[in-house]
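One structure, pasted below without further comment.
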Amino acid sequence: MERQRSYNGRRNADERPPKITQCTLRRSSSLPPLARAPPPPPPNELRLAAIAIDLNVRLRSADMPLTMQERAIRRGRALLEANPDETKRLTPNPTQLAMCLKKEFDAMYGPAWHCVVGKSFGSFVTHAGGGFLYFSVDKFCFLLFKTEVRPLVKPPSLLRLKINN
């Protein structure tokens, strides 16, 4: 004969909850090894960091060979320090700074370099691989990037067919 459930909320003796067994944690050999210190940066990166500190330049973002980065930050600092006496301006013109840096990189590394210089600007750019640098010198930020240049190819001319009647 089957027992019926009581309606008072109590469980019958047959409906006891199953016993919960306790798990023991074991140390496993598959745990990752202790974190090691990262390897030291290559000497060229240390040299570039030392130059940046010496020139009071802050590298923000870069996708460019280290020699090109060094040339850009040195030229950026030199442009800010070279204030022509004839204009007697206290602050350099950002447009002139950008034009000078762009022209130098066009002459040294080929065409299609772009440069933005200012104290406050936003940007979203697409650049060629190995051609992007964003750094700041004093209060000015420099954005230097290269785009890909492709020659224009004219579509083949359509040949007119002459049909003889």
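The values are calculated or read from the model by the stated rules, or taken from the named source; none is laboratory data. In this text, all values refer to a predicted model and were calculated from it rather than measured experimentally. Positions of Cβ are backbone-derived with ideal geometry, glycine not excepted, and every protein chain shown enters the neighbour counts. Side chains included, ligands, DNA and RNA excluded: accessible areas come from the protein's heavy atoms. Shrake-Rupley method; radii C 1.70, N 1.55, O 1.52, S 1.80 Å.
Look at the stretch 53-84 and say how many of its residues are within 20 Å of residue 104 (Cα to Cα) and part of a helix (DSSP H, G or I).
16
Here are some conditions: (1) at pLDDT 95 or above; (2) of a type outside the set (Phe, Trp, Tyr); (3) assigned to a loop (DSSP other than H, G, I, E, B). Residue 144 meets all but one. Which one does it not meet?
Of everything listed in (1) at pLDDT 95 or above; (2) of a type outside the set (Phe, Trp, Tyr); (3) assigned to a loop (DSSP other than H, G, I, E, B), residue 144 misses just condition (3).
Restricting attention to the stretch 122-138, which residues are part of a loop (DSSP other than H, G, I, E, B), open to solvent by 60 Å² or more (accessible area, probe 1.4 Å) and modelled with pLDDT of 90 or more?
The first filter runs over the stretch 122-138 and keeps only residues part of a loop (DSSP other than H, G, I, E, B), leaving 122-131, 138.
From what is left, the residues that are open to solvent by 60 Å² or more (accessible area, probe 1.4 Å) are 122-124, 126-127, 129, 138.
Hits for the stretch 122-138: nothing passes.
Tell me, please, whether a residue that is in contact with a Ser or Thr (Cβ under 6 Å, 6 or more places away or on another chain), of a type in the set (A, V, I, L, M, F, W, C), farther than 23 Å from residue 139 by Cβ and at pLDDT 80 or above can be found in the stretch 108-121.
Yes: the stretch 108-121 contains one or more residues that are in contact with a Ser or Thr (Cβ under 6 Å, 6 or more places away or on another chain), of a type in the set (A, V, I, L, M, F, W, C), farther than 23 Å from residue 139 by Cβ and at pLDDT 80 or above.
Can you find even one residue in the stretch 96-104 that is among the acidic types (Asp, Glu) and either in contact with a Phe, Trp or Tyr (Cβ under 6 Å, 6 or more places away or on another chain) or not in a helix (DSSP H, G or I) (or both)?
If we filter the stretch 96-104 for residues that are among the acidic types (Asp, Glu), which is where we start, we get 104.
Keeping just the survivors that are either in contact with a Phe, Trp or Tyr (Cβ under 6 Å, 6 or more places away or on another chain) or not in a helix (DSSP H, G or I) (or both) gives none.
No, the stretch 96-104 has no match at all.
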